[in-house]
1. Residues that are closer than 18 Å to residue 69 by Cα and under 16 Å from the mean Cα position of the chain (by Cα): list the strands (runs of 3 or more DSSP E) wholly contained in the stretch 81-168 that include at least 3 such residues.
2. Restricting the search to the stretch 48-73, which residues are under 20 Å from residue 33 (Cα atoms), surrounded by fewer than 21 Cβ atoms within 10 Å (Cβ to Cβ) and touching a helix residue (DSSP H, G or I) at 6+ places or on another chain (Cβ under 7 Å)?
3. For the stretch 43-59, give me each residue that is closer than 17 Å to residue 8 by Cα and in a strand (DSSP E or B).
4. Being out of contact with any strand residue (DSSP E or B) (no Cβ under 9 Å at 6 or more places or on another chain) and more than 19 Å from residue 35 (Cβ to Cβ) narrows it down to one residue among 146, 137; which is it?
């Protein structure tokens, strides 16, 4: 498991009229130089399966909030590193006050939050979203088997809202 610090080294978010827009400055960063170097070393290690945690969404692009795609060069760098080093990778993120499962190529991301404060009820879409997003209180569950990981989203009553199985 790898936990990324997406706040401490991050360049300032770019806004226009209060909305986040893409920062395409080649010097803009989310992880900072040292964390990028560390991450590449970690990805070079042998794993049967890798789970990467990010406080902000990696795959989602279409919402107006904080996300990796606000820094498209950094996002591309991360996705290329994962693609080059690890086939068996699963992404987890939060900080959205809604949950969803996303897929880009063979890479899945599960976003879950929050357990104590529901999000707004507007319908959110994204080209990588599988199904819908869930603004009610929620949490992630994961079951690991010999060659399969079963992961999904449950509501506060334990009802499964969405789930996937990933073979490795």
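Coordinate-derived values only; no laboratory data. Keep in mind it's a predicted model, so treat the numbers as computed, not measured. Quick reminder, even Gly has a Cβ in these numbers, built from the backbone with ideal geometry, and neighbours come from all protein chains shown.
1. 89-93, 99-104, 107-111
2. 69, the sole residue that qualifies.
3. Those that are closer than 17 Å to residue 8 by Cα and in a strand (DSSP E or B): 53, 54, 57.
4. Selected residue: 146, the only one of 146, 137 that is out of contact with any strand residue (DSSP E or B) (no Cβ under 9 Å at 6 or more places or on another chain) and more than 19 Å from residue 35 (Cβ to Cβ).
Listed here are the residues, each with its yes/no results for (1) farther than 15 Å from residue 108 by Cα; (2) part of a helix (DSSP H, G or I); (3) in contact (Cβ under 8 Å) with a residue 60 or more places away in the chain.
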position: 26; (1), (2), (3): yes, no, no
position: 41; (1), (2), (3): yes, yes, no
position: 61; (1), (2), (3): no, no, yes
position: 73; (1), (2), (3): yes, yes, no
